[in-house]
1. For residue 52, are the conditions met, namely being modelled with pLDDT of 95 or more, within 18 Å of residue 177 (Cβ to Cβ) and over 16 Å from the mean Cα position of the chain (by Cα)?
2. Among the numbered conditions (1) farther than 26 Å from residue 179 by Cα; (2) more than 16 Å from the ligand (Cβ to nearest atom); (3) exposed (fewer than 14 other Cβ atoms within 10 Å of the Cβ), tell me where residue 57 comes up short.
3. For residue 17, all conditions in the list (1) surrounded by fewer than 19 Cβ atoms within 10 Å (Cβ to Cβ); (2) at pLDDT 95 or above; (3) out of contact with any helix residue (DSSP H, G or I) (no Cβ under 6 Å at 6 or more places or on another chain) hold save one; what is the number of the exception?
4. Can you pull out every residue in the stretch 84-101 that is within 16 Å of the ligand (Cβ to nearest atom) and surrounded by fewer than 20 Cβ atoms within 10 Å (Cβ to Cβ)?
5. Give me a count of the residues in the stretch 29-49 that are surrounded by 14 or more Cβ atoms within 10 Å (Cβ to Cβ), at pLDDT below 95 and among the charged types (D, E, K, R).
6. Given 30, 6, 19, which one is within 16 Å of the ligand (Cβ to nearest atom), small (Gly, Ala, Ser) and more than 16 Å from the chain's Cα centre (by Cα)?
7. For the stretch 50-108, enumerate the residues that are assigned to a loop (DSSP other than H, G, I, E, B), touching a Ser or Thr at 6+ places or on another chain (Cβ under 8 Å) and farther than 16 Å from residue 119 by Cα.
8. Pick from 42, 118: which is within 15 Å of the ligand (Cβ to nearest atom) and under 18 Å from residue 2 (Cα atoms)?
Amino acid sequence: MKNLSGLPKLTIGSIFCIGRNYQKHARELGNSVPDEPMVFLKPASSLIGDGESIQLPAQSNEVHHEVELVIAIGKKGKNIPEQDARDYIAGYGLGIDVTARDIQQKAKDRRHPWSMAKGFDTFAPISTFMPIQPNTDFSSMDISLAVNGTIRQQGNTVNMIFPVTTLISYLSTIFTLNPGDLIFTGTPEGVSPIKSGDSICATLNNGEITLTILVK
Ligand code: ZN
């Protein structure tokens, strides 16, 4: 297992992801807005770090970027009340929830799980993480993603349907959260296809955190 860059005491554990957590993104894919968080997981084998490359899989012809705020858990917990959830956060970073959209659409049509569409090798690039500070405000973070220098996604966490503390509390009713677990908190609108040779640059709060990934 890999240590978490920026928070080296943490070994990366489970990778939880939230779908449809921004209204405009849910709508751009023709989905309804959920009344409780939609949860899926990615395998550890999908992780790559800053400066590494996404390998486009032969099984897909349409791979999309989804830039997301990622939370790192720092403390073990189960049934965490929302008002205590912040105490369980070690830090935060950026991630790209890489998605084989054509495989996901087929899975949706067949009512199959999303594990294949979301879980190929290299489909979970993550940045270096920042430790949480007393003034860290998860409800007003700018996140953006550019491909070859052109902005494709530009959002703010203020538009999350379920805020970070709600997600932690909700997940902990199902899963015991452990130090090193990651939560991909959902993507704003603007998801679009990537192709071989593309250079992706994601930024949080205009450069507080950056993530640069190439597409092979
Ligand atoms: Zn996503």
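The values are calculated or read from the model by the stated rules, or taken from the named source; none is laboratory data. Computed from a predicted model, the values in this text were never measured in an experiment. As a convention, Cβ positions derive from the backbone with ideal geometry for all residues, glycine included, and neighbour counts pool all protein chains shown.
1. Values: modelled with pLDDT of 95 or more: yes; within 18 Å of residue 177 (Cβ to Cβ): no; over 16 Å from the mean Cα position of the chain (by Cα): yes.
No, not satisfied.
2. Residue 57 satisfies all of (1) farther than 26 Å from residue 179 by Cα; (2) more than 16 Å from the ligand (Cβ to nearest atom); (3) exposed (fewer than 14 other Cβ atoms within 10 Å of the Cβ) except (3).
3. So residue 17 meets the others, but not (1).
4. The answer is 101, and nothing else.
5. Total meeting the criteria: 0.
6. Step by step, each of 30, 6, 19 is checked, and only 30 is within 16 Å of the ligand (Cβ to nearest atom), small (Gly, Ala, Ser) and more than 16 Å from the chain's Cα centre (by Cα).
7. 50, 51, 52, 76, 78, 79, 80, 81
8. None of the others qualify; the one that does is 42.
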